[in-house]
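Derivation of every value follows stated rules applied to the coordinates shown; laboratory data play no part. Predicted model only: the values in this text are computed from it and were never measured. Here the Cβ positions follow ideal geometry from the backbone for every residue, glycine too, while neighbour counts run over all protein chains shown.
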Amino acid sequence: MSVIQEGLAWINGEFLPLEKARVSVEDRGFQFADGIYEVIRVYDGKPFTFREHLERLKTSAFLIGIDPRMIKADFQEIGMELISRSGIKDAELYIQITRGRAPRSHVFPKGIPPTVLISIRSVRPLPLDAEKNGISAITYPDIRWARCNIKSISLLANVLAKEEARNASAYEAIFIREGLITEGASSNIFLLHQGVLLTPPADWRILRGITRDILMALAIKEGIKVSQEELKKDLIYEAEEVFITSTAIEILPVVKVDGRVIGKGTPGSTFKLLHRRFKEYVEFRIGGKNKGDEGL
Ligand code: PDD
């Protein structure tokens, strides 16, 4: 029988309670935010879309010049071990890789092993009745860098945007770059406009969310027209429906942006349909013989 703990970590080869896990003050993650991460959802003790997250992690590592051969961790095995040791069934697995520990100097240190942290904790609760009644969002200038496709741990702009949202009693901040909608501070965005599901293209301006890709596939399967295109800010106020997606929140309807009501001000029928299909898809991936890593 495993003991239920607040959270559990695996760091550089060792399992520890989350609050006991430590890195050096000279870790480049601490000094420079020089690292990358992934958040993987665990449903009923089974990781969802683990394979896709590991693929993206590998791509992020490549894009910041961390040699994947230097990473000595079997993520699948450690992930499963964290699930069974912690006993947390509905969880977020968190993986963070930094360029490692070295005396502070901007250039890459040579021959240093990356720091690898894998942790597990219970899922963060959603705002009350968020799926039923929808959430509010604000728009916020996208002050991030020009490599938003990398899942970097450097999240200061996202943090500032989220705090601004909270100050406005909203849940999410939607970034606007040069008049165009990009994504949420920790989510991707979809607009239903004249019956077409619109989302910004997966270029350097956004993180290509795994939930986003699933949602597009599910929408296409339902015969909904999906288009990835540049979206002017004002389109958000004119949309029939708006929703945001991420591993942590799945799909949430946005019913107010900058204090302006979206559509009828309640979650729309397209959200409801896709939300249902998403739940079915989770069941499909984690249920039966599937171990959560079979694709669409
Ligand atoms: N964030 N865009 C940004 C900026 C994000 O931070 C996230 C997720 C997404 C959605 O990606 P996915 O569907 O693959 O989770 C899009 C995670 C959950 C986080 O930082 O906690």
Next on the checklist: Mean-square fluctuation check for the chain, GNM, Cα pairs under 10 Å: which of PRO200, PRO17, PRO103 is largest?
Outcome noted: PRO103
Checklist entry - For the residues ASP129, ASP258, what sequence is obtained by ranking on other C-beta atoms within 10 Å, fewest first? => result ASP129, ASP258
Checklist entry - Anyone know which of ILE95, ILE214, ILE83 comes out most mobile in the 10 Å Cα GNM of the chain? => result ILE214
Checklist entry - Can you work out ³J(HN,Hα) from phi for every residue in the range 97-109, in order, using Karplus 6.51 cos²θ - 1.76 cosθ + 1.60 and θ = phi - 60°, giving whole Hz and x for Gly and Pro? => result 10, 10, 6, x, 9, 7, x, 4, 6, 4, 4, 4, x
Next on the checklist: With unit charges on the beta carbons (Lys and Arg positive, Asp and Glu negative) and the dipole taken about the Cα centre of the range 8-122, which residue among TRP10, PHE30, ALA73 sits farthest to the positive side?
Outcome noted: PHE30
Checklist outcome for this item: Along the range 189-199, Karplus-curve 3J(HN,Hα) (6.51, -1.76, 1.60; θ = phi - 60°) to the nearest Hz, with x for Gly and Pro, reads 10, 10, 10, 9, 10, 6, x, 9, 8, 10, 8
Next on the checklist: Testing the spin-label approximation: label points 7 Å from Cα along Cα→Cβ at LYS58 and LYS72. State their distance in nm.
Outcome noted: 2.1
Item to check | Beta bridges per DSSP with both ends in the range 130-285, % antiparallel, nearest 5 | outcome: 65
Checklist entry - Which longest run of the chain has no exposed loop site in it, a site being GluC sites (Glu not before Pro) in a DSSP loop with at most 16 other beta carbons within 10 Å, and the site itself not part of the run? => result 27-177
Item to check | Amide H contacts of VAL242 (H built 1.01 Å from N, under 5 Å, at least 5 apart or other chain) | outcome: LEU192, VAL254
Checklist entry - Ranking SER186, SER122 by Cβ neighbours within 10 Å, fewest first, what do you get? => result SER122, SER186
Item to check | Estimated distance in nm for a label pair at ASP129 and PHE15, the labels positioned 7 Å out from Cα along Cα-to-Cβ | outcome: 4.2
Next on the checklist: With +1 on the Cβ of every Lys and Arg and -1 on the Cβ of every Asp and Glu, and nothing else charged, how large is the dipole of the chain about its Cα centre, in debye rounded to the nearest 20?
Outcome noted: 380
Item to check | ³J(HN,Hα) computed for each position of the range 227-238 - Karplus, 6.51 cos²θ - 1.76 cosθ + 1.60, integer Hz, glycine/proline x | outcome: 9, 9, 8, 5, 10, 5, 3, 5, 4, 5, 6, 8
